[in-house]
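A short write-up of the structure that comes next.
The values are calculated or read from the model by the stated rules, or taken from the named source; none is laboratory data. Small disclaimer: the values here were computed from a predicted structure and weren't measured. When we count neighbours, we look across all protein chains shown, and the Cβ atoms used for this are built from the backbone with ideal geometry, even at glycine. These area figures cover heavy atoms from the full protein model, side chains too; ligands, DNA and RNA do not enter into them. Shrake-Rupley method; radii C 1.70, N 1.55, O 1.52, S 1.80 Å.
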Amino acid sequence: MAGGKETPRQKMIGMMYLVLTALLALNVSTTVIEKFIFINESLERANGETKERIETTIKQMTANVTDKGNREKDVVVLEAAHELRKQSQVLFDSMEAYKEAFIEITGGYLEGHDGDRIHLAGKTDYDKVGNYMMPIEENGKGHGERFEKLLDDQVDYIKDLLKKNGATPEQLARYNYITLDASEDEVYKNDPNQEGKGFSQLAFESSPTPAGLATVSEFQAQMLNMETAALDFLVSRVGLGDLSFDNIVPMVNPESKYVAAGTKYEAKMFVAASASGAKPEMKYNGTAIQVSDDGQGQVSFTATPGQYNSEGIARKTFKAEIIYGEDQKFETDIEYFVIKPVIDIQSQSVNALYLNCGNKLNVKVQALGNAYNPKFSVTGGDHIAGAEKGQVTVIPKRLGKVTLSVASGGNPIGSREFGVRGIPAPNLVSGTDRGEVDLKQGISAKTQRLFLRAVADKSFAEFLPDDAQFQVAQAEVTLVSGGIGRKVVRGGGRIDLRQIAAQARKGDQLVIEIKKVQRKNFRGEVEDFPISKSASFISIPLK
């Protein structure tokens with residue numbers, strides 16, 4: 001998708017649409033087809049909410065331009081925003097006409113249910129929508145080609161509009177065509193079943209009426225997101241160059257945040273101000289950095305070693321630049337000090353620990369020497385003390401953060417907070433007596449046995465081998481012939497295919513659904529491990 005950020009709801013709807021499209025390819029029941037109606041309704045509601053937010057943004061933009069005295073440059077940008085909204089509405093209405101045409105050519109509504117799309121006369125019709133968008137007599141073009149041109153022309157229009165209003169090539173690079181052929185689509189370009197398909201065929205071939213409606217609504221959502229991104233750019237152009245310092249905050253710059261008992265704390269106090277109406281450009285050593293809406297830039301870099309003095313401290317500087325418009329530039333050199341690091345905690349995954357796993361740490365406090373007698377406590381998890389001093393195994397019980405606190409001789413020393421990451425899902429692999437299955441080449445229709453393995457992520461297995469023991473506990477294998485399931489067998493890591501082999505023919509497929517994967521942890525306990533729906537299916541062609 002190009003342009004704009006999707007809301008969580010839009011992302012959820014998009015995922016549901018992809019899953020249902022996959023189920024539809026398996027020739028599933030009308031109950032699933034009806035789900036496309038509900039998805040289309042959700043998409044249309046989300047699109048309506050997006051349009052309302054766009055209208056609100058334009059109203060706020062209008063008020064902002066008025067408050068600034070309707071300056072010529074601001075008025076030009078505001079007119080561009082209104083022009084964009086008008087053009088986008090024309091496109092949206094044209095796309096709505098396609099949905100109405102889909103309903104009409106497939107028989108309209110059942111008697112007494114006008115306007116209720118759950119009661120479409122042709123909701124299970126797989127041919128008319130596809131033929132309407134890519135009729136054979138027009139070499140697969142027809143209405144689909146016109147639909148494609150509508151979307152492409154809108155992308156060209158948006159890029160031209162933004163270019164006229166000062167957008168750089170880098171800013172325009174995010175606005176790309178969404179009408180992709182199979183060879184251009186990252187999802188389908190390596191799929192032999194989609195090879196050679198153009199946009200219309202890829203989007204509408206064999207689509208029942210509800211799927212066609214949802215497809216058009218999804219394209220509407222993508223174009224609205226692109227419009228939102230374009231409008232955000234135009235909003236940023238209003239008041240560009242103004243320097244009205246209206247955000248004023250007190251600042252204290254201490255010589256050091258760390259002060260030893262008995263020494264002085266010294267700091268400089270001053271006022272810092274920023275202009276909310278301007279968007280400055282900020283650079284660190286000549287490299288642009290991200291600037292927040294309140295005009296503050298975040299400098300972040302990894303400190304490198306330097307010429308350390310006898311105390312293990314190296315002095316360094318970096319150049320800071322703040323640029324407003326074309327002729328206002330502020331720059332200075334910032335001094336900082338790099339302290340030679342001392343490693344306190346030793347572990348392969350010291351910065352983030354794995355959930356429900358035995359993360360082994362070795363905690364050292366060199367300054368205490370032989371007096372070091374650690375006692376540990378953990379917030380957000382459990383721990384097991386090791387056999388040797390300083391060794392501890394931390395078992396996080398929730399995602400987010402876990403804190404390890406250290407005391408020695410009854411005195412608190414400090415704590416260390418770790419991020420907690422989820423266990424990466426294993427790779428589901430199928431094999432026969434001949435070895436791992438090549439999913440493109442397939443296997444013989446007479447294969448007698450199938451082996452299913454859950455292979456741990458390589459990095460995870462290297463860090464925590466005792467926690468990286470996975471197995472397929474339950475699986476279901478279906479023989480699919482002509483799009484219809486013919487025979488089902490069940491098992492675990494080893495599947496007996498003899499019943500299937502008796503019916504299987506060249507050209508059929510084995511569809512494997514992994515029902516349950518289990519993991520044995522470092523304690524030897526076995527637990528169920530969740531696998532995503534999309535990753536739980538494996539399809540193997542028979543030859």
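Taking a ≥ b ≥ c as the square roots of the Cα gyration tensor eigenvalues, with a/c under 1.5 meaning rounded and otherwise prolate when a/b beats b/c, else oblate, which class fits the stretch 60-177?
Values: a/c = 4.39, a/b = 1.97, b/c = 2.23.
Since a/c reaches 1.5 but b/c is at least a/b, the shape of the stretch 60-177 is classed as oblate.
Which value in nm describes the separation of the simple spin-label points at Ser183 and Arg449, placed 7 Å from the Cα toward the beta carbon?
4.5 nm
Can you give me the % of accessible surface on the stretch 92-166 that is carbon or sulfur? Probe 1.4 Å, all protein chains present, nothing else counted.
After summing per-atom areas, the C and S share lands at 48 percent.
Can you compute 3J(HN,Hα) from phi for each residue in the stretch 160-170, using the Karplus curve 6.51 cos²θ - 1.76 cosθ + 1.60 with θ = phi - 60°, rounded to whole Hz and x for Gly and Pro?
Whole-Hz 3J(HN,Hα) from phi for the stretch 160-170: 5, 4, 5, 4, 5, 9, x, 5, 7, x, 5.
Take Asn131, project a point 7 Å from its Cα along the Cβ direction, then tell me which residues of the stretch 95-109 have their backbone nitrogen under 13 Å from it.
Flagged as within label range: 105-107.
Over 10 Å intervals from 0, what percent of Cα-Cα pairs in the stretch 423-485 sits in each interval?
Per 10 Å bin, starting at zero, the Cα-Cα P(r) for the stretch 423-485 comes out as 18, 41, 29, 11, 1 percent.
Can you tell me the FRET efficiency between Ser377 and Tyr336 if r is taken as the Cβ-Cβ distance and R0 is 45 Å, rounded to the nearest 0.05?
Details: r = 34 Å, r/R0 = 0.76.
E between Ser377 and Tyr336, to the nearest 0.05, is 0.85.
Got a number for the accessible area of Ser310? Probe 1.4 Å, square angstrom, nearest 10.
In the full protein context, Ser310 sits at about 130 Å².
For the stretch 126-232, treating each Cα as an identical point scatterer without solvent, what Debye log10 I(q)/I(0) comes out at q = 0.21, 0.22 1/Å?
-1.13, -1.18
Given a 1.4 Å probe and the protein chains all in place, what does the accessible area of Thr57 round to, in Å² to the nearest 10?
40 Å²
Modelling each spin label as a point 7 Å along the Cα-to-Cβ direction, I'd like the Val76/Glu100 distance in nm, to one decimal.
Going from the Val76 label point to the Glu100 one covers 3.9 nm.
Taking 0.36 nm per residue of separation and subtracting the Cα-Cα distance, what length does fully extending Gln503 through Arg486 add?
Full-extension gain reported as 5.3 nm.
Any idea what % of Cα-Cα pairs in the stretch 462-543 are farther than 15 Å?
Distances greater than 15 Å cover 62 percent of the Cα pairs.
Considering only protein heavy atoms, with the full assembly of protein chains and a 1.4 angstrom probe, order Arg519, Arg421 by accessible area, largest first.
Arg421, Arg519
Give the accessible surface of the stretch 405-500 per residue, rounded to a whole number of Å², with probe radius 1.4 Å and ligands, DNA and RNA excluded. Mind showing how you got there, number by number?
Working: 5300 Å² over 96 residues.
Ligands and nucleic acids excluded, the figure is 55 Å² per residue.
Please label the shape of the stretch 74-125 as rounded, prolate or oblate, based on the square roots a ≥ b ≥ c of the eigenvalues of the alpha-carbon gyration tensor (a/c under 1.5 means rounded; beyond that, a/b larger than b/c means prolate, else oblate). Kindly include the intermediate steps, with their values, before the conclusion.
Details: a/c = 5.83, a/b = 3.82, b/c = 1.53.
Prolate, because a/c is 1.5 or more and a/b exceeds b/c.
Please report the relative contact order for the stretch 142-197, taking Cα pairs under 8 Å with a sequence separation of at least 6, and give it as a percent rounded to a whole number. Provide the component values of the computation, followed by the final result.
Details: 29 pairs, mean separation 15.7, N = 56.
Relative CO of the stretch 142-197 lands at 28 percent.
Just by accessible area at a 1.4 angstrom probe, what is the order of Lys128, Lys329, Lys159, Lys86 from largest to smallest?
Working: Lys128 95, Lys329 115, Lys159 70, Lys86 150 Å².
I get Lys86, Lys329, Lys128, Lys159, largest accessible area first.
Using r as the Cβ-Cβ distance of Ile313 and Thr168, and R0 as 35 Å, what FRET efficiency do you calculate, to the nearest 0.05?
On the way: r = 42 Å, r/R0 = 1.19.
Here the calculated transfer efficiency is 0.25.
Run a plain Debye calculation on the stretch 345-499 (Cα atoms as equal point scatterers, no solvent) and give log10 I(q)/I(0) at q = 0.15, 0.16, 0.20 Å⁻¹, rounded to two decimals, same order as the q list.
Computed log10 I(q)/I(0) values: -0.82, -0.88, -1.17.
Calculated FRET efficiency, Val365 and Thr403, Cβ-Cβ r, R0 22 Å, to nearest 0.05?
That pair, Val365 with Thr403, gives E of 0.85.
Going by the alpha-carbon gyration tensor, a ≥ b ≥ c the square roots of its eigenvalues, is the stretch 145-193 rounded (a/c under 1.5) or, if a/c is not under 1.5, prolate (a/b greater than b/c) versus oblate?
On the way: a/c = 6.31, a/b = 1.85, b/c = 3.42.
Taking the square roots of the gyration eigenvalues as a ≥ b ≥ c, the stretch 145-193 is oblate.
Expected output is a single nm value to one decimal: the length gained when fully extending between Asp232 and Thr124, i.e. 0.36 nm times separation in residues minus the C-alpha distance. What is it? Don't jump to the answer; show the numbers that get you there.
On the way: separation 108, 0.36 × 108 = 38.88 nm, distance 4.10 nm.
Taking 0.36 nm per residue and subtracting the Cα distance, the gain is 34.8 nm.
Just grab the label-to-label distance for Val90 and Gln391, each label 7 Å out from Cα along the Cβ direction, in nm (one decimal).
According to this spin-label approximation, the distance is 7.5 nm.
In square angstrom, rounded to the nearest 10, how much accessible surface does Glu335 have for a 1.4 Å probe?
100 Å²
With an 8 Å Cα cut-off and a minimum separation of 6 or more residues, compute the relative contact order for the stretch 128-237 in percent.
It comes to 30 percent, rounded to a whole number.
Exceeding 20 Å between C-alpha atoms, which entries from my cross-link table qualify? They are Lys401/Lys533; Lys458/Lys520; Lys440/Lys516; Lys51/Lys149; Lys68/Lys164.
Pairs exceeding the cut-off: Lys401/Lys533; Lys440/Lys516; Lys51/Lys149; Lys68/Lys164.
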